[in-house]
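The structure under discussion appears below in the form of structure tokens.
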Amino acid sequence: MANALLFHHALGLTPGVDAFADVLRDAGHLVTVPDLYDGRTFSTLEAGIDYAQDIGFDVLESLGVRLAEQLPAELVYIGFSLGVMPAQRLAQTRAGARGAVLVSSCLPPGAYADTWPAAVPLQVHAMAEDPVFVDEGDLDAARNLVETAQEGELVLYPGSGHFFADISSPDYDADAAHALTARVLDLLARADDRPDR
């Protein structure tokens, strides 16, 4: 059983995020999904980003980090969109990380540390024509970040949906979501097999 901390995207803790976490739980893993929006959800990326800006991206990121400190250090960090900020920061800076999955967003390698930590598997997933991921620099950041990881992969799926893995979103793409889920479950299984470091 791997222990994962999953951060929701800019729409908030939607039923689709919960459903994704439940799939991982059904596979036998322990998954914690904090609600950084305190119960609020949004129907569009723009509305979610506006709310996040009102709170402050740094405030949300710091909240995610504080929540992680209440959990064991041996975590796999999973972040969707906005949730990539705390997930990537924790994976790069908190000792004990067992892996990281970054979906539809990525920050440059130097955002939190000069390189990706040794022996921490990294997956970055996105749709190849997602304008948010491609046009705002995330794709380039992902390519650079994966290059610094000993075990890193960038997986691009056909399509343009930003919330393609959220079954409650109009962006949902069943084929891409199933492929993503299979890769995440593989990472969690491998993280579970790793000896304590």
Which one of these is surrounded by 18 or more Cβ atoms within 10 Å (Cβ to Cβ) and β-branched (Val, Ile, Thr): Val134, Val124, Val59?
Val124
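Going by the structure shown, is Asp192 more than 16 Å from the chain's Cα centre (by Cα) and closer than 25 Å to Pro15 by Cβ?
Numbers: more than 16 Å from the chain's Cα centre (by Cα): yes; closer than 25 Å to Pro15 by Cβ: no.
Answer is no for this residue.
What about Asp171, is it buried (at least 17 other Cβ atoms within 10 Å of the Cβ), within 21 Å of Tyr77 (Cβ to Cβ) and not hydrophobic (A, V, I, L, M, F, W, C)?
no
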Applying the selection to the stretch 26-56, what residues are closer than 19 Å to Asp192 by Cα and exposed (fewer than 13 other Cβ atoms within 10 Å of the Cβ)?
Asp26, Gly28
Pairs only if they're at least six apart or on different chains, beta carbon under 7 angstrom, first in the stretch 168-194 and aromatic (Phe, Trp, Tyr), second at pLDDT below 95 and outside any helix (DSSP H, G or I); list them, first residue then second.
none
Please specify each residue of the stretch 92-109 satisfying the condition of being touching a helix residue (DSSP H, G or I) at 6+ places or on another chain (Cβ under 9 Å) and surrounded by fewer than 18 Cβ atoms within 10 Å (Cβ to Cβ).
Thr93, Arg94, Pro108
Going through Leu30, Leu75, Leu107, Leu82 one at a time, which residue ends up being of a type in the set (A, V, I, L, M, F, W, C) and under 20 Å from Ser169 (Cα atoms)?
Leu82
Being at pLDDT 95 or above and within 14 Å of the chain's Cα centre (by Cα) narrows it down to one of Ala176, Ala142, Ala182, Ala128, so name that one.
Ala142
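For Leu13, are the conditions met, namely being touching a residue at least 12 places away in the same chain (Cβ under 8 Å), among the hydrophobic types (A, V, I, L, M, F, W, C), buried (at least 20 other Cβ atoms within 10 Å of the Cβ) and closer than 18 Å to Met85 by Cβ?
Here the answer is yes, as Leu13 does meet what is asked.
The values are calculated or read from the model by the stated rules, or taken from the named source; none is laboratory data. Note that the structure is a prediction, hence the values are computed from the model and not measured. Reconstructed Cβ throughout: ideal geometry from the backbone, glycine too, with neighbour counts over all protein chains shown.
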